[in-house]
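The structure appears below as structure tokens.
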Amino acid sequence: MAERVGDGVWTIQGEKVTLPVRITSARLTAAVFTAPRENARPVLGDTPLRPFSLFGRALTMIMCIHYDEFALKSYDEVGVGLFVRGPSGPPGLHLVDLPVTGAFTREAGQDFWALPKWLMDADLRFSKMETDVVVRDRATEVVRASFRHGRLRLPFAVQAALPAWSYLDHGAQAGKLLRGQVPMQLSGARLGRGASRVRLNSDHPMAERMQALGMTRKPLLTVHAARLHGPLGEFTEVR
């Protein structure tokens, strides 16, 4: 387990990491879906969060990201999230699954930010117009998906700060409700409502959550960014 040794300073696997860490270069494809609010609520389990909904529909998201080398190493991750409300403050994204291909970032994610990272094997491929991903839990295939990039290419960089909520029952932040922001700059972004193909292994918990969150339907929106970068600082506890 990582250990906090100062304000924003942690030791992990014999290394010192100071927050914020700066993501220097990553590539992202994300797809936004909707699901009935009543289907999304059980995915949150015992967390002190509730789905954020519009006209009875919860907003959900899957993200496929490749990170080039930075403080948490180089790795791939696949995030499955649900937009939620906490006891106060604005809605934000709560990740219910965040499999990654690196042990260092798994431990850092769980302990620094209470993120549900677990080790996966993955094939993640970005082509000009499509992103393909396969997630495996050891020898078990969990999901196989393809997301078509949108046709609208933005000729300028986009700066955004995504509000986030997190909660884990294990790790250095066990039992704490955390709130933070993920500032980012996206370059070479494409937007649209590209087609997707998602095949799930219904026997795996991550696949069950993806099914409940409407991720086998056509996305409401797809976003692809040729480059993502920005700082990731500490999240704060909400009591």
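The values are calculated or read from the model by the stated rules, or taken from the named source; none is laboratory data. Note that this is a predicted model, so its numbers are computed, not measured. So basically every Cβ, Gly included, is an ideal-geometry build from the backbone, and we count neighbours across all protein chains shown.
Worth a mention:
- Spans of strands (runs of 3 or more DSSP E) in the stretch 156-239 with at least 3 residues over 23 Å from Ala114 (Cα atoms): 177-192, 196-200, 221-232
- Residues (touching a Pro at 6+ places or on another chain (Cβ under 9 Å) and among the polar types (S, T, N, Q)) located in the stretch 178-236: Gln181, Ser196
- Restricting Ala160, Ala145 to those that are surrounded by 19 or more Cβ atoms within 10 Å (Cβ to Cβ), of a type outside the set (S, T, N, Q) and either out of contact with any helix residue (DSSP H, G or I) (no Cβ under 6 Å at 6 or more places or on another chain) or more than 24 Å from Ser88 (Cα to Cα) (or both) reduces the list to Ala145.
- 1 or more residues among the polar types (S, T, N, Q) and modelled with pLDDT of 95 or more: qualifying strands (runs of 3 or more DSSP E) within the stretch 87-155: 130-137, 140-148
- Residue in the stretch 28-46 that is surrounded by the most Cβ atoms within 10 Å (Cβ to Cβ), counting only those that are within 23 Å of Asp169 (Cβ to Cβ) and modelled with pLDDT of 95 or more: Ala40
- Qualifying residue in the stretch 90-100 (condition: under 28 Å from Ala2 (Cα atoms), over 13 Å from the mean Cα position of the chain (by Cα) and surrounded by fewer than 16 Cβ atoms within 10 Å (Cβ to Cβ)): no
- Qualifying residue in the stretch 70-83 (condition: free of Cβ contacts under 8 Å to residues at least 24 places away in the same chain and either at positive phi or out of contact with any Pro (no Cβ under 8 Å at 6 or more places or on another chain) (or both)): yes
Listed here are the residues, each with its yes/no results for (1) β-branched (Val, Ile, Thr); (2) over 21 Å from Ser127 (Cβ atoms); (3) modelled with pLDDT of 95 or more; (4) buried (at least 16 other Cβ atoms within 10 Å of the Cβ).
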site: Leu177; (1), (2), (3), (4): no, yes, yes, yes
site: Val198; (1), (2), (3), (4): yes, no, yes, yes
site: Ala212; (1), (2), (3), (4): no, yes, yes, yes
site: Thr222; (1), (2), (3), (4): yes, no, yes, yes
site: Arg239; (1), (2), (3), (4): no, yes, no, no
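- There is at least one residue in the stretch 45-59 that is free of Cβ contacts under 8 Å to residues at least 24 places away in the same chain, among the aliphatic types (A, V, I, L, M) and not in a helix (DSSP H, G or I).
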